[in-house]
1. Which condition from (1) over 31 Å from the mean Cα position of the chain (by Cα); (2) surrounded by 11 or more Cβ atoms within 10 Å (Cβ to Cβ); (3) touching a residue at least 24 places away in the same chain (Cβ under 8 Å) is the one that LYS7 breaks?
2. If I ask for residues that are free of Cβ contacts under 8 Å to residues at least 40 places away in the same chain and within 15 Å of the ligand (Cβ to nearest atom), which ones from the range 160-202 would you list?
3. I'd like the full set of residues that are over 25 Å from the mean Cα position of the chain (by Cα) and touching a residue at least 24 places away in the same chain (Cβ under 8 Å), limited to the range 58-72.
4. Here is a list: GLY88, GLY104, GLY110, GLY98. Which entry is of a type outside the set (Phe, Trp, Tyr), within 11 Å of the ligand (Cβ to nearest atom) and either modelled with pLDDT of 95 or more or under 20 Å from ASP217 (Cα atoms) (or both)?
5. Out of curiosity, is ARG125 within 17 Å of ALA396 (Cβ to Cβ) and crowded, with 20+ Cβ neighbours inside 10 Å?
6. Looking at this structure, is LEU131 within 16 Å of the ligand (Cβ to nearest atom), in contact (Cβ under 8 Å) with a residue 12 or more places away in the chain and surrounded by 13 or more Cβ atoms within 10 Å (Cβ to Cβ)?
7. Taking the range 228-270 as the search range and keeping residues that are under 19 Å from LYS109 (Cα atoms) and outside any loop (DSSP other than H, G, I, E, B), which one is farthest from the chain's Cα centre (by Cα)?
8. Tell me whether the range 114-121 contains one or more residues that are away from the ligand (no atom under 16 Å from the Cβ) and touching an Asp or Glu at 6+ places or on another chain (Cβ under 6 Å).
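The values are calculated or read from the model by the stated rules, or taken from the named source; none is laboratory data. None of the values given here were measured: they were computed from a predicted structure. We place every Cβ from the backbone using ideal geometry, glycine too, and count neighbours over all the protein chains shown.
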Amino acid sequence: MNYAEAKAKMTAIGQEHILKYYDELSETQKENLLKQIEETDFSVLKRIGNGVSGERGVFSPLAAMQISEIESRKQELYDAGVAAIKAGKTAALLLAGGMGTRLGSDGPKGMYDIGITKPVYIFERIISNLLDIVKETDTWIRLFVMTSEKNNDATVKFFKENNYFGYKADRVVFFKQDMAPACDYDGKLYMETKDRISTSPNGNAGWYSSMIRAGLDKILTDEGIEWINIFAVDNVLQRICDPCFVGATILADVAVGSKVVRKAAPDEKVGVMCLEDSKPSIVEYYELSEEMMNAKDANGDPAYNYGVILNYLFRTSDLSKVTDDKMPMHIVKKKIPYIDENGNPVKPDEPNGYKFEQLVLDMIHQLSSCLPYEVIRDKEFAPIKNATGVDSVESARELLKKNNIEL
Ligand code: UTP
């Protein structure tokens, strides 16, 4: 894209201030800015005031496969899962593109050391969990790692320096997720530097479109991968590609399996699996009416009782049905570093604008069927969102100790 084209593109959307410093830039900087203007999807700006619709459909319960059923069908589920893993039909995808702002560490969240007597990195714990299955099935499961432009180099370097934490290097593929522009409350784009528009990762649902853009669907086809287990970087206890979960999802013949945990209390603040207008969905805790909170299933148990933990097994053949423009856009108020009108960098202490994100949980509603699969909370759910308190390094350490993991 040349300057005239960039100017026309930005003028058409009322953002020509992005080229304000163009004449001052070096040739390389000019090229970088033009490239960013060419590659960035500015259509997200039109979603301001029109992001997540407040209107929801009609909710109804969606029964989960509970521990008792999993136990009684264990061998059958396990065998089906192992067969799929051994046949190379199952891949894992680590979502590591987030900014981890709540944890407050500068580097990628996975590089955070949660050890006490020795270093134990979050990435190390995650890879160790996956290695259990690799050993159990004698199969090197294909592992995709989604990073972002902000943390890719540090992440790749860290994996290399640590010898991939024992994983087989040629079975790991890193790819960067797409970035979304960030703007002020009037929709004007911020500049991060004179040659760069402020951007942030486009949300964890970005994994699918970013993977396609990186050409990785070729690996899916070439290797016959039919299922992808998507999981968050910060849950250090979760099992990944565990045979019973894989087997249960395949045998249920659904588009996606979702690990869920039984709620600790009816009003616990977790998103709950359900149906919305007969399609799988997730109802947020603040959307649960009193009536829904007290509703019971045929066994007399709470009908909306299973919270999601961001660990899903997607059937790859159904993913083309998920289209970005049908998905809600979460427009979040955040602190966005920028340069002021004099070109000086500013790091705001308070939120000063919008970031745009699409979320994996909204992908579920685009699909026709889902199996909520119960896992035991204390064995599989130790998220690290904060440094202290709820869902923190401290709480995760306690749970790891309970599971006899040395720290
Ligand atoms: P969170 O929603 O906890 O966000 O991500 P975060 O960015 O890690 O942390 P905060 O909110 O800034 O404190 C849940 C999972 O989704 C990934 C994260 O890396 C984490 O594994 N994620 C999130 C992405 O991969 N990309 C994104 O754009 C956002």
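1. Exception for LYS7: condition (3).
2. Step one: list which residues in the range 160-202 are free of Cβ contacts under 8 Å to residues at least 40 places away in the same chain, which gives 160-161, 163-164, 166, 168-172, 174, 186.
Once the filter is applied, which keeps residues that are free of Cβ contacts under 8 Å to residues at least 40 places away in the same chain and within 15 Å of the ligand (Cβ to nearest atom), the range 160-202 yields only PHE174.
3. Looking only at the range 58-72, we keep the residues that are over 25 Å from the mean Cα position of the chain (by Cα), and these are 58, 60, 67-72.
Matches in the range 58-72: VAL58, SER60, ILE67, ILE70.
4. On the way: GLY88 fails: within 11 Å of the ligand (Cβ to nearest atom); GLY104 fails: either modelled with pLDDT of 95 or more or under 20 Å from ASP217 (Cα atoms) (or both); GLY98 fails: either modelled with pLDDT of 95 or more or under 20 Å from ASP217 (Cα atoms) (or both).
Being of a type outside the set (Phe, Trp, Tyr), within 11 Å of the ligand (Cβ to nearest atom) and either modelled with pLDDT of 95 or more or under 20 Å from ASP217 (Cα atoms) (or both) holds for just one of GLY88, GLY104, GLY110, GLY98, which is GLY110.
5. Working: within 17 Å of ALA396 (Cβ to Cβ): yes; crowded, with 20+ Cβ neighbours inside 10 Å: yes.
Answer is yes for this residue.
6. On the way: within 16 Å of the ligand (Cβ to nearest atom): no; in contact (Cβ under 8 Å) with a residue 12 or more places away in the chain: yes; surrounded by 13 or more Cβ atoms within 10 Å (Cβ to Cβ): yes.
No.
7. ASN235
8. Step one: filter the range 114-121 for residues away from the ligand (no atom under 16 Å from the Cβ), giving 115-120.
With touching an Asp or Glu at 6+ places or on another chain (Cβ under 6 Å) added as a condition, the list becomes 119.
Among the residues of the range 114-121, at least one is away from the ligand (no atom under 16 Å from the Cβ) and touching an Asp or Glu at 6+ places or on another chain (Cβ under 6 Å), which makes the answer yes.
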